[in-house]
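See structure below.
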Amino acid sequence: MTTPDHPSPASQPPVPAGKDRIYRSPLGLAGGALLLLVVLWLGFDALFKGHGRTPWLALAGLILVVPLIVAFTLRPAVFANEERLRVRNPFRVISLPWGQVAGLRSGYTNEVLAKSGTKYQLWAIPVSLRARKKAARRQQRAAADAARGGTRGGGLGPSGLGLGGFALRGPDAGPTRADTDKVMDDLRDLLEQHGTAEPAQGETGVRWAYEVMAPAVAGAVLLAILLATG
């Protein structure tokens, strides 16, 4: 009886990186779409119904404003997989292998720190101080409830369950971490797991978004010429 041949590890194809986790701001997307709808409605109304210089001013304004709305609301995103972190900000795309990431910092903004000393803001993961304060209050209430339960002898069961396996719920029940803080925790876990892995090494890449900048600059120049010659 013969045994099937097994290819050596060196001859096996490389295992592709895992699918990207994509992080975006739902409020940013919704607000950007609404703002874009209003701007296009007003702009096209002036473009097709205006008189004299109004259509030209409307055209220049649309060329200037629409790319900026897209850049700051619809474009930002963060892509993360086992090899790298890719940050798509309004005017730049930064590709950081995990081996080049020194850490992730959360304060008034969420930032990634490169080992070169450069920091990049994560536009797609905005900080909500209100959500952070609400989550902190819930965490304090949960800790107080747990302490009171332990004093009465009730205690908590596994996974935060009380006597009889019922979860302790109330009007203030909810997550004890803000959503964006949870996202940063996920990214820190990826950094910790893959920061020293061989596939996660490489150089940092930065690409400017000329497809956004060029039309905005053209619109600004056209608008300035129209206003100067008016």
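Observations on the model:
- Filtering segment 83-90 for residues that are among the charged types (D, E, K, R), open to solvent by 60 Å² or more (accessible area, probe 1.4 Å) and more than 30 Å from residue 224 (Cβ to Cβ) leaves a non-empty set.
- Only a single item in (1) in contact with a Phe, Trp or Tyr (Cβ under 8 Å, 6 or more places away or on another chain); (2) assigned to a helix (DSSP H, G or I); (3) in contact (Cβ under 8 Å) with a residue 12 or more places away in the chain; (4) not basic (Lys, Arg) is not met by residue 36, and it is number (1).
- Check on residue 118, touching a Leu at 6+ places or on another chain (Cβ under 8 Å) and open to solvent by 30 Å² or more (accessible area, probe 1.4 Å): no
- Contact map, segment 201-230: first residue under 13 Å from residue 67 (Cβ atoms), second residue in a strand (DSSP E or B) and open to solvent by less than 80 Å² (accessible area, probe 1.4 Å), Cβ cut-off under 9 Å, separation 6 or more or different chains; pairs are 209/88; 209/92; 209/93.
- Options 94, 63; residue that is under 30 Å from residue 19 (Cα atoms), surrounded by 18 or more Cβ atoms within 10 Å (Cβ to Cβ), touching a residue at least 24 places away in the same chain (Cβ under 8 Å) and hydrophobic (A, V, I, L, M, F, W, C): 94
The values are calculated or read from the model by the stated rules, or taken from the named source; none is laboratory data. Since the structure is predicted, the reported quantities are computational estimates derived from the model, not experimental observations. Neighbour counts run over all protein chains shown; Cβ positions are idealised from the backbone, glycine included. Just the protein is used for accessible areas: all its heavy atoms, side chains included, with ligands, DNA and RNA removed. Shrake-Rupley method; radii C 1.70, N 1.55, O 1.52, S 1.80 Å.
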